[in-house]
Amino acid sequence: LRRQRQMCIRDSSEEVARRGLDIAVFGIPKTIDNDLSFSHRTFGYETAVEEAVRAIQAAYAEASSHLYGVGIVKLMGRHSGFIAAQATVSSALANMCLIPEVAIDKKTVPVSYTHLTLPTKRIV
């Protein structure tokens, strides 16, 4: 899909040149995953992180209202955990963040759950 968009921009640029028009054609990368090389932030990334932080805050409120409460937030993304990682840091409320770039043993999550819930009696 990304390649199709690049071709569309190229085709548009070639058509403008063929017609001899004085029009600049450029493309703006659009991915909320923030996974494009040489780009500090991509279109929509900050909004996606802000919304994810709101979801984490809601999960935290729910988990805090029950003894040993658990709040789970699943975030969208193609194959990257940029939004999840940034939202976790920005919220300062999440105890654990699992991202697709880092493999985790199935036994680690229950052990982490037990370890993290001891002092606070909740996990997000």
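The values are calculated or read from the model by the stated rules, or taken from the named source; none is laboratory data. What you are looking at is a predicted structure, and each value in this text was computed from that prediction instead of being measured. Cβ coordinates were reconstructed from backbone atoms using ideal geometry, including for glycine residues, and neighbour counts include every protein chain displayed. These accessible areas exclude ligands, DNA and RNA; they are computed on the full protein's heavy atoms, side chains included. Shrake-Rupley method; radii C 1.70, N 1.55, O 1.52, S 1.80 Å.
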Give region 85-103 a look and list any residue that's under 27 Å from residue 50 (Cβ atoms) and part of a loop (DSSP other than H, G, I, E, B), or say none.
-> 92, 93, 94, 95, 96, 97, 98, 99, 100, 101, 102
Does residue 112 count as closer than 22 Å to residue 43 by Cβ, out of contact with any helix residue (DSSP H, G or I) (no Cβ under 9 Å at 6 or more places or on another chain) and of a type outside the set (A, V, I, L, M, F, W, C)?
-> no
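Mind listing whichever residues of region 64-84 are part of a loop (DSSP other than H, G, I, E, B), among the hydroxyl-bearing types (Ser, Thr, Tyr) and on the phi < 0 side of the Ramachandran plot? Walk me through it before giving the result.
Of the residues in region 64-84, the ones part of a loop (DSSP other than H, G, I, E, B) are 65-68, 71-81.
Now restrict to residues that are among the hydroxyl-bearing types (Ser, Thr, Tyr): 65, 68, 80.
Residues satisfying the conditions are 65, 80.
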Tell me which of these residue 66 doesn't satisfy, since it passes every other one: (1) surrounded by 12 or more Cβ atoms within 10 Å (Cβ to Cβ); (2) modelled with pLDDT under 90.
-> (1)
Can you name the residue in region 3-20 that is surrounded by 12 or more Cβ atoms within 10 Å (Cβ to Cβ) and of a type in the set (D, E, K, R) and is also modelled with the lowest pLDDT among such residues?
-> 5
For region 104-119, indicate whether the set of residues that are open to solvent by 60 Å² or more (accessible area, probe 1.4 Å), outside any helix (DSSP H, G or I) and within 22 Å of residue 30 (Cα to Cα) is non-empty.
-> no
Take region 29-63 and flag every residue that is on the phi < 0 side of the Ramachandran plot, open to solvent by less than 90 Å² (accessible area, probe 1.4 Å), under 12 Å from the mean Cα position of the chain (by Cα) and modelled with pLDDT under 75.
-> 31, 33, 35, 42
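Taking the conditions exactly as written (out of contact with any His (no Cβ under 9 Å at 6 or more places or on another chain), among the hydroxyl-bearing types (Ser, Thr, Tyr) and within 30 Å of residue 8 (Cα to Cα)), does residue 108 satisfy them or not? Explain how you work it out, then say what you get.
Numbers: out of contact with any His (no Cβ under 9 Å at 6 or more places or on another chain): yes; among the hydroxyl-bearing types (Ser, Thr, Tyr): yes; within 30 Å of residue 8 (Cα to Cα): no.
Answer is no for this residue.
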State all residues of region 71-101 that are open to solvent by 80 Å² or more (accessible area, probe 1.4 Å), in contact (Cβ under 8 Å) with a residue 12 or more places away in the chain and either under 19 Å from residue 119 (Cα atoms) or β-branched (Val, Ile, Thr) (or both); if no residue qualifies, say none.
-> 72
